[in-house]
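Asks: First the structure, which I've put down as structure tokens, then a few questions once you've had a look.
A short reminder: the numbers here are calculations on the coordinates, not readings from a lab. No experiment lies behind these values; they were computed from the predicted model shown. Reconstructed Cβ throughout: ideal geometry from the backbone, glycine too, with neighbour counts over all protein chains shown.
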Amino acid sequence: MANEETGLVLSPDPNDARLVTRILAVDHAGQPVELSVVTERPLTIFLNAQEIVTAMTIGDHPDLLAIGFLRNQGMLAPDEPVEAVSYDEDLDVVVVRTARKTNYEEKLRKKTRTSGCAVGTVFGDMMEGLEGVRLPKAELRTSWLYALAHEINRTPSLYLAAGAIHGTVLCEKDRPLVYMEDVGRHNAVDKVAGWMFVNKVPAGDKILYTTGRLTSEMVLKTAHMGIPVLVSRSGFTAWGVELAKELGMTLIGRLRGRRFACVSGADRLIWDADAEAVSEESTRHRRKSSQSDD
């Protein structure tokens, strides 16, 4: 069921006391101020009896985060049945159980740190399953881009309330569907992937919007999800751009106000909006963005 206020199926709740803490600080003038800061807690993910990873997360939707992470790392097949997901809030542990016996010791030995914030991880063989893949040539209208940016930037969120957090939004044409946030952009993407996996949502006509940098891992995760269009407020890495071109992904960054840069898939853009009629972002949102683009 969609949120009546935002129209989103799932959206951030900046009023959730578990996700935001109030702290005291002193401002530039030496005056006491009270600030909202996001929470951060560890979540250990198990696949059956095997511990896979511990991620730092804000703590919401642990089941979707676990399923999405395992799916994007190739540890769950797209159509693999999940028998159960159990979460122990006291231990900060989530266990995903499948009928298939799993053993990823060799894959875990290849685990490396990535450029992502929090504790984003990628495995040495993350390219598995993407050999020869070409994503659908999905149509993308510039009017959709502007409408999505306008709507998402005004959706109540932890990002607007406290900063220091990333958002990822699953969209269809000009309509946001699911909005996830986390301290690491990879976690936010994995939550969206988990929601799509659980609800068997088709990906070929979807757009993924993120506030984070378009790195190689972001492109690979989006490709594993089968989504042909990836859009960001932030910039790119060279390898991210190269991978997007190889996969046939439409990749757009630096989407702020009327401006954006399309570095892959420009031939699939339909220029149906007058950019001069699009208003620039508010100063308040630009300030928040500059704090949260890492």
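Asks: Hand me the tally of lysine pairs in the chain: alpha carbons under 22 angstrom apart, and the pair either on different chains or 8 or more positions apart.
Replies: 24
Asks: As a test of the formula, what do you get for the chain when each DSSP H run with n ≥ 4 contributes -39,500 (n - 2.57) and the sum is divided by the residue count, at 222 nm and rounded to the nearest 500 deg cm²/dmol?
Replies: -7500 deg cm²/dmol
Asks: Any idea what % of Cα-Cα pairs in region 187-263 are farther than 21 Å?
Replies: 22
Asks: With the alpha-carbon atoms as the only input, what is the per residue convex hull volume for region 162-210 in Å³?
Replies: Convex hull of Cα atoms, per residue: 71 Å³.
Asks: Net charge near residue 100: determine it from the other residues with C-beta under 11 Å of the C-beta of residue 100, scoring Lys and Arg +1 and Asp and Glu -1.
Replies: Taking every Cβ under 11 Å from that of residue 100, the sum is 0.
Asks: For the chain, how big is Rg over Rh, using alpha carbon atoms and the Kirkwood form of Rh?
Replies: Values: Rg = 18.9 Å, Rh = 19.6 Å.
For the chain, the value is 0.96.
Asks: Something else about it: Which order do the peptides 213-224, 77-88 take when ranked by the mean count of other beta-carbon atoms within 10 Å per residue, highest first?
Replies: Working: 213-224: 25.2, 77-88: 11.9.
So the peptides 213-224, 77-88, ranked by packing, come out 213-224, 77-88.
Asks: What do you get when you divide the Cα radius of gyration of region 161-294 by 2.2 N^0.38 Å, with N the number of residues?
Replies: Numbers: Rg = 14.3 Å, N = 134, 2.2 N^0.38 = 14.1 Å.
For region 161-294, the normalised Cα radius of gyration is 1.01.
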